[in-house]
1. Going by the structure shown, is GLY93 over 30 Å from GLY52 (Cα atoms) and over 15 Å from the mean Cα position of the chain (by Cα)?
2. Among the residues of the stretch 119-133, are any within 19 Å of GLY21 (Cα to Cα), of a type in the set (Asp, Glu) and either within 13 Å of the chain's Cα centre (by Cα) or modelled with pLDDT of 90 or more (or both)?
3. Considering every residue within the stretch 150-165, establish whether at least one is free of Cβ contacts under 8 Å to residues at least 40 places away in the same chain, in contact with a helix residue (DSSP H, G or I) (Cβ under 8 Å, 6 or more places away or on another chain) and either assigned to a helix (DSSP H, G or I) or closer than 30 Å to PHE46 by Cβ (or both).
4. Going by the structure shown, is SER126 touching a Lys or Arg at 6+ places or on another chain (Cβ under 9 Å) and either among the hydroxyl-bearing types (Ser, Thr, Tyr) or free of Cβ contacts under 8 Å to residues at least 24 places away in the same chain (or both)?
5. Which one of VAL146, VAL165 is within 13 Å of the chain's Cα centre (by Cα), at pLDDT below 95 and surrounded by fewer than 20 Cβ atoms within 10 Å (Cβ to Cβ)?
6. Would the stretch 59-80 turn up any residue that is part of a loop (DSSP other than H, G, I, E, B) and not β-branched (Val, Ile, Thr)?
7. Kindly list the number of the only condition in (1) charged (D, E, K, R); (2) assigned to a loop (DSSP other than H, G, I, E, B); (3) surrounded by 18 or more Cβ atoms within 10 Å (Cβ to Cβ) that fails for GLU120.
8. Test of understanding: among PRO104, PRO132, which residue is outside any helix (DSSP H, G or I) and surrounded by fewer than 22 Cβ atoms within 10 Å (Cβ to Cβ)?
Amino acid sequence: MSITDSQAVVAVVAALAIVAGLAGVVVPGLPALPLCWGGVLVWAVFGDAGAGRWAVLAAATVVAAGGAVVKYLWPGRNLKNAGVPTSSLLAGGALGLVGFFVIPVVGLVLGFVGGVWGAERLRLGSHQLAWPSTVHALKAAGLSMVVEFLAGLVIAGLWVVGLVVA
């Protein structure tokens, strides 16, 4: 199998999109799974990898869609069972976004924790009741990130297999 310059460019663009997608799990503003899936799409449409590229794209589509659904449903169910309302998560998300720009990178986590804790403190009336809800929200956010990252890794693995086999 010989690789042409255009095939190399397509593979590099796809790889960069997939890597950016994996980074997007922790970087706000980068849509993680759409970037990973988009990298495979670029490779499938513009690459010269044979008919197997469409099977790789189909599998990546299933993984991306499944990962997107699971990353919201599974942690959301856990939060609902723990009694953490959506308003507290929205407060955490808003303060996390502000914190990201005020204190780069670390501010995201600090703002999220502070926002959820503050909203729960107002709602429940005490620190002792607010802190367990905050911990549940942190666990849910972590679970969501792990699910999204694993889905991105599976998409990347599918693409690498398609790159080598096709």
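The values are calculated or read from the model by the stated rules, or taken from the named source; none is laboratory data. Please read these numbers as outputs of a predicted model, since none were measured by experiment. Neighbour counts run over all protein chains shown; Cβ positions are idealised from the backbone, glycine included.
1. No.
2. no
3. No, the stretch 150-165 contains no residue that is free of Cβ contacts under 8 Å to residues at least 40 places away in the same chain, in contact with a helix residue (DSSP H, G or I) (Cβ under 8 Å, 6 or more places away or on another chain) and either assigned to a helix (DSSP H, G or I) or closer than 30 Å to PHE46 by Cβ (or both).
4. Taking the combined requirement at face value, the residue does not satisfy it.
5. Every option except VAL146 fails the conditions.
6. No, the stretch 59-80 contains no residue that is part of a loop (DSSP other than H, G, I, E, B) and not β-branched (Val, Ile, Thr).
7. Going through (1) charged (D, E, K, R); (2) assigned to a loop (DSSP other than H, G, I, E, B); (3) surrounded by 18 or more Cβ atoms within 10 Å (Cβ to Cβ) one by one, GLU120 breaks only (2).
8. Exactly one of PRO104, PRO132 is outside any helix (DSSP H, G or I) and surrounded by fewer than 22 Cβ atoms within 10 Å (Cβ to Cβ), namely PRO104.
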